[in-house]
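Down below is the structure, laid out as structure tokens.
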Amino acid sequence: MVTSIGPTPTTPRVALRLRMLDDGGGDRGPHGYWWPQSRDLPLELADLVDGMPPAWGKVLRAVYSPPDWDQRVRRVPVARGTIKTGCFPGDDTQRMQLLMWDHRLLSIVVIPAGSDADEAALTLSRGSGHDEARGGA
């Protein structure tokens, strides 16, 4: 018998839409760009954590920008257990800050789930432009 510990997706899922930058983006980032499929934070964050490329390490904790998501949560079930989450109530940077097990802090730009598909795909492929279009972050 298999038991699911997370939410069950109601729509078909596609591969994780994440682009990590080779240069690491410096101390402040961005270190990558992520285009989640929905505004469902537990579902999307579990995908991100479980699909993080092994070379970047394991995620210990995540801090998110509240306007990007429909709900606020304190913990998210992932394949290896649960990670703690948090947010700054006034944060509208469209960033996901990931604290990794080796204590590095990665800054991931979140391309809003409802973005135009062509524009979002272009931002992902170039790995730039999203912050600049918003006036910087």
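The values are calculated or read from the model by the stated rules, or taken from the named source; none is laboratory data. The structure displayed is predicted, hence computed values, not measured ones. Here Cβ is always computed from backbone atoms with ideal geometry, including for glycine, and neighbour counts include all displayed protein chains. Areas reflect the complete protein model, heavy atoms only, side chains present, ligands, DNA and RNA absent. Shrake-Rupley method; radii C 1.70, N 1.55, O 1.52, S 1.80 Å.
The strands (runs of 3 or more DSSP E) found entirely in the stretch 73-131 that carry 3 or more residues being surrounded by fewer than 19 Cβ atoms within 10 Å (Cβ to Cβ) are 81-87. Please tell me if Leu60 is at pLDDT 95 or above, open to solvent by 30 Å² or more (accessible area, probe 1.4 Å) and closer than 24 Å to Asp22 by Cβ. So Leu60 passes the test. Only residues that are surrounded by fewer than 10 Cβ atoms within 10 Å (Cβ to Cβ) and at pLDDT 70 or above were counted across the stretch 10-24, and they come to 4. The C-beta contact set for the stretch 92-109 (first residue within 14 Å of Ser65 (Cα to Cα), second residue assigned to a loop (DSSP other than H, G, I, E, B) and open to solvent by 50 Å² or more (accessible area, probe 1.4 Å), distance under 6 angstrom, 6+ apart or interchain) comprises Thr93/Ala137. Whenever a residue of the stretch 3-24 is more than 24 Å from Ile108 (Cα to Cα), its partners that are at pLDDT 75 or above and not in a loop (DSSP other than H, G, I, E, B), lying with C-beta atoms within less than 7 angstrom and at least six residues away or across chains, give the pairs Ile5/Pro77. Taking (1) modelled with pLDDT under 95; (2) farther than 13 Å from Ala113 by Cβ; (3) surrounded by 14 or more Cβ atoms within 10 Å (Cβ to Cβ) in turn, Asp27 satisfies each apart from (3).
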